[in-house]
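Note sheet for the following structure.
The values are calculated or read from the model by the stated rules, or taken from the named source; none is laboratory data. Note that this is a predicted model, so its numbers are computed, not measured. Every residue, glycine among them, receives a Cβ derived from its backbone with ideal geometry; neighbour counts consider all protein chains shown. We work out accessible area using only protein heavy atoms, side chains counted, and drop any ligands, DNA or RNA first. Shrake-Rupley method; radii C 1.70, N 1.55, O 1.52, S 1.80 Å.
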Amino acid sequence: MTMPPSPLTMPPSPSASPSAVHVTAAHDSALKHTTGEAIYIDDMPLPRGALHLALVTSAWAHARITGIDVGAALALPGVSAVITAKDIIGPNDIGAIVPGEVLLAEDLVEYVGHPIAAVCARDEDTARRAAALVTIEGAPLPPVLALDAAIGDKHYLLPPSVFLRGDPDPDLARAPHRLTGSVRVGGQDHFYLETQVALAIPGEDRDMLVHSGTQHPTEVQHLVARLLSLDMNAVTVEIRRMGGGFGGKESQATLVAGIAAVAARVTGHPCKLRLDRDTDMEVTGKRHGFLLSWDVGVDDEGRILAVDMTLAADCGWSIDLSPGVVSRALSHADNAYFYPHVRLTGLYCKTNRQSNTAFRGFGGPQGMMAAEAMVDHIARTLQLDPVETRRRNFYGPGRDITPYHQTVEHFRLPAMLETLLASADYATRRASVDAFNATNPTLRKGLALSPVKFGVSFNKPEMNQAGALVHVYTDGSVSLNHGGTEMGQGLFVKVAQVVAAVFGLDLDRIKPTATTTGKVPNTSPTAASSGTDLNGMAAKIAAETIRARMAEQAAALFEEPVEAIRFESNRVFAGNKSLSFPELAEACHGERISLSSTGFYRTPKIHFDRTTNTGRPFLYFAHGLAVSEVAIDTLTGEWKPLRVDILHDVGASLNPAVDKGQIEGGFIQGMGWLTMEELVWDKVGRLRTHAPSTYKIPTARDVPAVFTVELLADAPNEEATVFRSKAVGEPPLVLALSVWLALRDAVGSLAPAGWVPPLAAPATPEKILMACEEARRA
Amino acid sequence: MPTVSMTVNGKQVSGEVDARKLLVEFLRENLLLTGTHVGCDTSQCGACVVHVDGRSVKSCTMLAVMADGASVTTIEGMASGETMHPMQEAFREQHGLQCGFCTPGMVMSAVDLVAVNPDPSEAEIRHWLGGNICRCTGYHNIVEAVRDGAARMRALGKAAAE
């Protein structure tokens with residue numbers, strides 16, 4: 001037996017270094033972000049001979065292309081090439097779920113902004129000037145430019161999806177009250193601060209290295225390989241960090257990376273494509289707008305007896321991720337409420353607009369909005385208390401089967417509701433809002449509560465898997481890699497905390513490294529709020545594998561049973577003997593013990609039958625509740641959020657500061673979607689809101705002055721997730737429905753009880769003003 | 001092509017630039033000071049804020065030649081050696097960042113606010129930051145960070161005076 005490199009010593013107190021999880025730790029790059037040292041793709045030094053790309057896009061919403069003249073562009077000094085569909089070696093197809101979506105248009109363009117060609121030039125300025133010199137000839141075709149037109153014409157990309165449980169029609173017919181209604185909700189631009197970007201670098205053997213701002217490196221790898229007719233092992237995709245993603249860099253990143261890679265192959269030069277903001281907004285897909293309609297039967301107390309809902313999604317020109325988005329919308333159209341008999345129909349409407357895509361919540365928020373709008377409709381029409389109406393319709397014992405036939409377990413909202421009503425002082429404030437409205441003719445206040453129950457796991461079971469790769473070096477430092485991508489959400493620090501906890505190390509001993517398809521293969525996107533659940537567990541398994549090997553070696557050195565070995569405070573203990581972690585690592589190396597391991601995790605228990613839309617798609621649910629108070633000016637439609645109180649369930653939080661940041665940021669992003677971010681297309685299909693000058697992103701001036709966010713205390717996940725935490729990325733966004741409901745409440749105060757405000761989303765000041773006018777006429 | 005010379009982060013620099021070249025391009029491309037980011041290209045988002053002669057400026061809306069002879073400070077120039085600027089420390093410790101893309105511009109704007117208003121109220125901070133978009137945080141911790149940073153700057157100023 002090799003002796004350890006230093007004598008065994010008495011241990012310092014093992015409690016000196018607390019576990020690295022369930023504690024606040026700064027974002028892994030916090031220091032670099034504040035000093036400007038953090039490197040985004042646009043900051044990388046370019047390799048020799050690198051070319052810059054600019055896109056040539058369609059000016060028509062729908063047209064047949066009859067000619068492309070690149071002569072004038074090629075004649076401009078500094079231009080190397082103009083790439084068109086003809087230059088794509090493999091199939092011209094980047095369909096994420098269903099094949100058939102072109103990288104560059106061939107003979108047909110289907111929206112204003114549809115990429116047709118890309119100019120490669122020595123600098124960005126030259127590329128953009130040359131792009132303007134490319135002439136596209138085409139014959140316009142009739143476009144479909146409105147969701148209503150697509151619904152009316154049954155202009156669908158796919159046949160409708162139906163979730164069915166029980167038999168809703170008889171109970172709708174005999175219900176004491178039957179209400180039908182609908183509400184419209186607009187789309188949303190992601191407005192990640194860093195626009196889409198890729199740098200493709202050709203290598204030997206036709207290899208291609210792509211630095212891609214993507215939430216889904218494996219998909220970029222797969223599709224670049226397809227475009228270039230290469231094996232996947234010839235393509236490496238790497239991403240250290242993105243400046244925001246929010247779903248917008250899940251499938252959409254492939255477009256940018258694919259064009260850069262094709263250009264790099266054709267020219268033999270490294271090629272970089274960074275979309276400027278206007279191009280990004282004109283070209284890339286957004287959150288799906290929806291028309292949400294319901295037919296609901298209720299009893300005299302507002303209890304739902306049967307529901308028939310239709311969720312019509314504006315998918316844009318292509319399928320993209322719409323099957324998943326609509327499926328998640330349907331599986332969240334119950335939100336927190338039990339529907340005894342239910343039919344939910346999802347429509348995949350095709351319009352000649354950007355192809356709508358993943359956006360934080362992935363259709364879930366729109367589905368939950370249908371539920372909340374419907375319950376608001378019920379409470380207002382029957383003149384019931386809106387909170388009590390919600391409570392009566394909550395899932396509960398004997399009322400616990402979802403429209404997709406999963407049993408709701410560990411439902412936390414009833415208890416959370418009582419806590420938040422008390423901490424937000426709801427009853428008193430309800431009375432004071434009503435009193436204010438009784439005496440103020442011009443300014444009106446609104447108060448509303450909304451719950452969220454969000455299913456966690458990708459709806460598609462096979463996507464719920466993850467891999468990690470952990471190395472321990474002989475100096476005791478640890479290198480961490482996994483399939484998840486960092487876009488600001490704090491994934492890297494949370495997974496590093498998990499690994500630090502397994503090894504009993506301080507967090508600064510763990511180095512998170514850039515996500516790359518070369519280290520962890522065949523990954524799922526960092527999406528569906530699942531980044532930490534999946535990658536944290538894979539990294540934990542990898543670290544535990546190494547720790548078990550190290551523990552055996554420690555047991556041999558200490559001559560103690562392996563069960564007695566503890567990893568704490570950067571040391572390894574057994575009874576009164578100990579070694580430092582680096583000493584043990586060195587000793588393991590000396591004994592030829594591997595200090596590297598992969599880890600692989602697949603979510604247990606889940607299954608889903610896509611032919612019947614039944615099963616258990618979700619391992620568990622995350623819960624949240626918000627109470628929002630607003631004030632509106634009924635003469636101008638202007639409004640302010642006055643106070644927001646949130647209670648949110650993140651299980652046993654891995655990092656409370658990071659989780660609270662997700663809740664605050666998600667809520668404000670949701671508030672932007674529902675109240676100020678309005679996408680406007682003109683009558684020929686051009687997006688007129690393609691910059692923050694015309695597309696209103698919430699600023700520090702727009703957020704509530706009183707904004708209280710509490711994490712549900714002492715609430716470890718009943719399911720065996722990573723250190724009993726829960727996912728947090730998407731669910732809080734939906735809490736912003738309380739702001740939208742509060743605006744409806746304020747408008748409703750102008751009309752007699754029983755009136756339902758016709759206020760859709762985004763509830764911009766203009767829309768609020770128009771609703772106020774209608775309220776006064778009611 | 002015109003020649004520009006200016007002081008950037010305390011160092012004298014000069015270069016021949018296209019008259020159309022933006023200050024942000026000069027900083028990022030010529031000087032490789034990539035901590036100054038381009039978020040919207042059109043003067044809205046504030047990711048590109050730097051200081052020109054001590055005042056905050058959106059460097060995507062200023063030509064490099066307009067900064068000829070000026071003293072420019074970028075985010076890279078805020079720390080002194082290993083000692084971070086108090087506003088940088090505050091953003092890190094108050095979790096005033098997520099993706100980090102807006103952070104340099106936020107820090108530069110916040111420092112300028114404290115220069116003109118050493119003890120800003122929360123409302124004044126929110127108003128001042130109206131030209132700096134953050135898409136991640138919801139601003140709550142950014143406002144906390146600016147308050148904390150202002151307090152740290154006041155404390156340092158007081159210590160220096162004593």
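Of these, A:Val119, A:Val112, which one is in contact with a helix residue (DSSP H, G or I) (Cβ under 8 Å, 6 or more places away or on another chain) and assigned to a loop (DSSP other than H, G, I, E, B)?
One residue alone meets the criteria, A:Val112.
If A:Ala564 passes every condition in (1) under 40 Å from the mean Cα position of the chain (by Cα); (2) open to solvent by 10 Å² or more (accessible area, probe 1.4 Å); (3) small (Gly, Ala, Ser) but one, which one does it miss?
Unmet for A:Ala564, out of (1) under 40 Å from the mean Cα position of the chain (by Cα); (2) open to solvent by 10 Å² or more (accessible area, probe 1.4 Å); (3) small (Gly, Ala, Ser): (1).
Name the strands (runs of 3 or more DSSP E) wholly within the stretch A:581-694 that hold at least 2 residues that are within 14 Å of chain B (Cβ to nearest Cβ) and among the small types (Gly, Ala, Ser)?
Qualifying strands (runs of 3 or more DSSP E): A:620-633.
State all residues of the stretch A:695-722 that are away from chain B (no Cβ under 11 Å), open to solvent by 60 Å² or more (accessible area, probe 1.4 Å) and within 22 Å of the chain's Cα centre (by Cα); if no residue qualifies, say none.
Selection gives A:Glu710 alone.
Among the residues of the stretch A:578-612, write down those that are surrounded by fewer than 19 Cβ atoms within 10 Å (Cβ to Cβ) and charged (D, E, K, R).
A:Glu591, A:Arg592, A:Arg602, A:Lys605, A:Asp609, A:Arg610
Do any helices (runs of 4 or more DSSP H) entirely within the stretch A:270-388 hold 3 or more residues that are farther than 21 Å from A:Leu737 by Cβ and out of contact with any Pro (no Cβ under 8 Å at 6 or more places or on another chain), and if so, which?
A:277-283, A:322-330
For the stretch A:26-83, how many residues meet the condition of being free of Cβ contacts under 8 Å to residues at least 24 places away in the same chain, open to solvent by 20 Å² or more (accessible area, probe 1.4 Å) and among the acidic types (Asp, Glu)?
Counting residues in the stretch A:26-83 that are free of Cβ contacts under 8 Å to residues at least 24 places away in the same chain, open to solvent by 20 Å² or more (accessible area, probe 1.4 Å) and among the acidic types (Asp, Glu) gives 1.
Test of understanding: among B:Ser56, B:Ser80, B:Ser71, which residue is buried (at least 22 other Cβ atoms within 10 Å of the Cβ), among the polar types (S, T, N, Q) and more than 11 Å from chain A (Cβ to nearest Cβ)?
Exactly one of B:Ser56, B:Ser80, B:Ser71 is buried (at least 22 other Cβ atoms within 10 Å of the Cβ), among the polar types (S, T, N, Q) and more than 11 Å from chain A (Cβ to nearest Cβ), namely B:Ser56.
Please state which one of A:Met208, A:Met242 is surrounded by 24 or more Cβ atoms within 10 Å (Cβ to Cβ), in contact (Cβ under 8 Å) with a residue 12 or more places away in the chain, within 14 Å of chain B (Cβ to nearest Cβ) and in contact with a helix residue (DSSP H, G or I) (Cβ under 9 Å, 6 or more places away or on another chain).
A:Met242
Filter the stretch B:14-37 for residues that are outside any strand (DSSP E or B), under 20 Å from B:Asp112 (Cβ atoms) and open to solvent by 20 Å² or more (accessible area, probe 1.4 Å) and give the result.
Across the stretch B:14-37, the qualifying residue is only B:Leu33.
Being modelled with pLDDT of 95 or more and open to solvent by 50 Å² or more (accessible area, probe 1.4 Å) is true for just one of A:Arg399, A:Arg429, A:Arg444, A:Arg412. Which residue is that?
A:Arg399
Out of all the residues in the stretch B:38-56, which are within 12 Å of B:Ala70 (Cβ to Cβ) and either in a loop (DSSP other than H, G, I, E, B) or of a type in the set (Ser, Thr, Tyr) (or both)?
Residues satisfying the conditions are B:Asp53, B:Gly54.
What number of residues within the stretch A:495-530 satisfy the criterion of being open to solvent by 10 Å² or more (accessible area, probe 1.4 Å) and assigned to a helix (DSSP H, G or I)?
So the answer is 4.
If you check A:Lys286, A:Lys272, which single one turns out to be closer than 27 Å to A:Gly665 by Cβ and crowded, with 24+ Cβ neighbours inside 10 Å?
Checking each option against the conditions leaves just A:Lys286.
For the stretch B:89-128, give me each residue that is of a type outside the set (A, V, I, L, M, F, W, C), in contact (Cβ under 8 Å) with a residue 40 or more places away in the chain and at the interface with chain A (Cβ under 8 Å from one of its Cβ atoms).
Within the stretch B:89-128, B:Glu89, B:Glu93, B:His95, B:Pro104 qualify.
Need a quick list: strands (runs of 3 or more DSSP E) entirely within the stretch A:151-261 having at least 2 residues that are among the small types (Gly, Ala, Ser).
Strands (runs of 3 or more DSSP E) meeting the threshold: A:177-185, A:197-202.
What number of residues in the stretch A:25-35 are more than 7 Å from every other protein chain (Cβ to nearest Cβ) and within 23 Å of the chain's Cα centre (by Cα)?
Result for the stretch A:25-35: 2.
Mind checking which residues of the stretch B:136-145 are open to solvent by 10 Å² or more (accessible area, probe 1.4 Å) and at the interface with chain A (Cβ under 7 Å from one of its Cβ atoms)?
B:His140, B:Asn141
Let me confirm something: among A:Ser530, A:Ser477, A:Ser457, which residue is more than 20 Å from A:Leu733 (Cβ to Cβ) and at pLDDT 95 or above?
Step by step, each of A:Ser530, A:Ser477, A:Ser457 is checked, and only A:Ser477 is more than 20 Å from A:Leu733 (Cβ to Cβ) and at pLDDT 95 or above.
Please go through the stretch A:196-240 and pick out each residue that is within 24 Å of the chain's Cα centre (by Cα) and among the charged types (D, E, K, R).
A:Glu219, A:Glu238, A:Arg240
So which residues in the stretch A:196-212 are touching a Gly at 6+ places or on another chain (Cβ under 8 Å) and closer than 27 Å to A:Glu282 by Cβ?
A:Gln196, A:Val197, A:Ala198
Taking A:Leu635, is it touching a residue at least 60 places away in the same chain (Cβ under 8 Å) and out of contact with any Pro (no Cβ under 9 Å at 6 or more places or on another chain)?
When the stated conditions are applied, A:Leu635 passes them.
Can you find a residue in the stretch A:331-344 that is within 26 Å of the chain's Cα centre (by Cα), free of Cβ contacts under 8 Å to residues at least 40 places away in the same chain and surrounded by 22 or more Cβ atoms within 10 Å (Cβ to Cβ)?
No: zero hits.
Quick one: A:Leu179 ticks every box in (1) within 30 Å of A:Phe362 (Cα to Cα); (2) open to solvent by 50 Å² or more (accessible area, probe 1.4 Å) bar one, so which box is it?
(2)
Check the stretch A:447-462 and report whether any residue there is touching a helix residue (DSSP H, G or I) at 6+ places or on another chain (Cβ under 8 Å) and farther than 30 Å from A:Phe362 by Cα.
Taking every residue of the stretch A:447-462 in turn, none turns out to be touching a helix residue (DSSP H, G or I) at 6+ places or on another chain (Cβ under 8 Å) and farther than 30 Å from A:Phe362 by Cα.
Part of a loop (DSSP other than H, G, I, E, B) and open to solvent by 10 Å² or more (accessible area, probe 1.4 Å): which single residue out of B:Asp148, B:Asp119 fits that description?
B:Asp119
Name the residues in the stretch A:39-71 that are under 18 Å from A:Thr84 (Cα atoms), within 14 Å of chain B (Cβ to nearest Cβ) and among the acidic types (Asp, Glu), would you?
Listed by number, the list is empty, since nothing qualifies.
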